[in-house]
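Let me begin by handing over the structure; questions about it come next.
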Amino acid sequence: MKLSELKSGEVGCVTTLQKLSQDARKRLMTMGMLPNTNITLVRRAPMGDPLQVEVRGVSIALRVSIADDIEVERV
């Protein structure tokens, strides 16, 4: 499933980042978003974009278009 499909408070495990551009993938991996890493969708902005996620204790804001390219498995 896509990261953007998680509901607030749900936890997923990142399976692949291959759909992202190389630059975006590099930036996210530097921030700790690696395959087989748990990620929590903290909340959505009132209009739905961006999303606040937490990875390895780091809070990150992601656009829905980027979250659509991140594949996760619900934990």
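Only helical DSSP H runs with n ≥ 4 go in: add -39500 (n - 2.57) per run for the chain, normalise by residue count and round the 222 nm mean residue ellipticity to 500 deg cm²/dmol.
Calculated from helices alone, the mean residue ellipticity at 222 nm is -4000 deg cm²/dmol.
Over all Cα pairs of the chain, how is the pair count split among 5 Å bins, expressed in % and running from 0 up to the last occupied bin?
In whole percents, the pair-distance histogram is 3, 19, 32, 30, 13, 3.
Read the figures in this text as sums done on the coordinates, not as results from a lab. As the structure is a prediction and not an experimental result, all values here were calculated from the model.
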